[in-house]
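First comes the structure, then the notes that go with it.
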Amino acid sequence: MSASGLGTTQLRVARLTKAHGLKGALKLELYTDDPDKRFTPGATFTLQVPRTSEWHGKKLELVELRWYNSHPVAFFAGVTDRSTAETLLKAILWIDEEVRTQPGEDDSWYDYQLVGLTVVRNGVEVGTVRRVDHLPAQDLLIVGTPAGEVMVPFVTEIVPSLDPVAGTVTVTPPIGLFEEAPEEESSAVDLSGIDLSDPMLAARMPDDADAAMGDRDDHRCDESASDGHNRAPSAEEPRS
């Protein structure tokens, strides 16, 4: 969901994960650092659910938020039994928020502030932030590049600076995050045009050339053993 002009935008604050008890309560997976502010009695939430859901296009009003064994559990108006609660599983809750309202911490950002930013490494554009994935361990910036999507851990060591006004986010990723590490140059020895029957030359060859000679000798042995007939191929090993 995107911002609507300069008035308000919608922020994702939680996901309904599991029915709790028999009275319609639901466990929450929080996407906010300030649940006491977001989940106050009377707060209303827009639901993100499939179009086929009976809840599509509807809102929920919070009656109460409780904590059970450090897990947030919410009670909503009109959801009074477990069967009804189970129809809401996996629904995502969104709230309306003033665009000018910023998080309390200087290094905290809303998703809508990050999506669309140009990702820069060493002064060169490498992609664009497509979305933010919130995982238990850390958040990930999903960056779209010409080669596909790249998952960038949203930590200071890798994302040292971010400027929504300028529209850029600077990254210092480890080698291989945005591209494969350079392959080592091949050290294979070209034996074409070399007389392998010369014993003096063979004695001066490096080990890898000896191995190559062995490969050629083995190939000749295979051809002589076939007596002009095709050998039956060996069975392929199952793929792991």
**Study point:** Exposure proxy ranking, count of Cβ atoms within 10 Å, fewest first, for THR44, THR52
**Key:** THR52, THR44
Point to revise | Normalised contact order of region 8-98, rounded percent, pairs of Cα under 8 Å and 6 or more residues apart | key: 43 percent
Check your understanding: If you take the Cα Rg of region 111-170 and divide it by 2.2 N^0.38 Å, with N the number of residues, what do you get?
Key -> 1.02
Study note, to complete from the structure: So, with points 7 Å from each Cα along the Cβ direction, the ARG82-ILE158 label distance in nm works out to 4.1 nm
Study note, to complete from the structure: Expressed in nanometres to one decimal, the distance between label points 7 Å along Cα→Cβ at ASP33 and HIS71 is 2.5 nm
Exercise for review: For GLU97, put the label point 7 Å out on the Cα→Cβ axis and report which residues of region 56-70 keep their amide N under 20 Å from it.
Suggested key: 59-62, 65
Revision key, fill the gap. The size of the Cβ-based charge dipole (Lys, Arg +1; Asp, Glu -1) of region 13-74 about the Cα centre, to the nearest 20 debye, is 200 debye
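Here, each number is a calculation from the coordinates, and none is a lab measurement. Predicted model only: the values in this text are computed from it and were never measured. All Cβ positions, glycine included, derive from the backbone under ideal geometry; neighbour counts span all protein chains shown.
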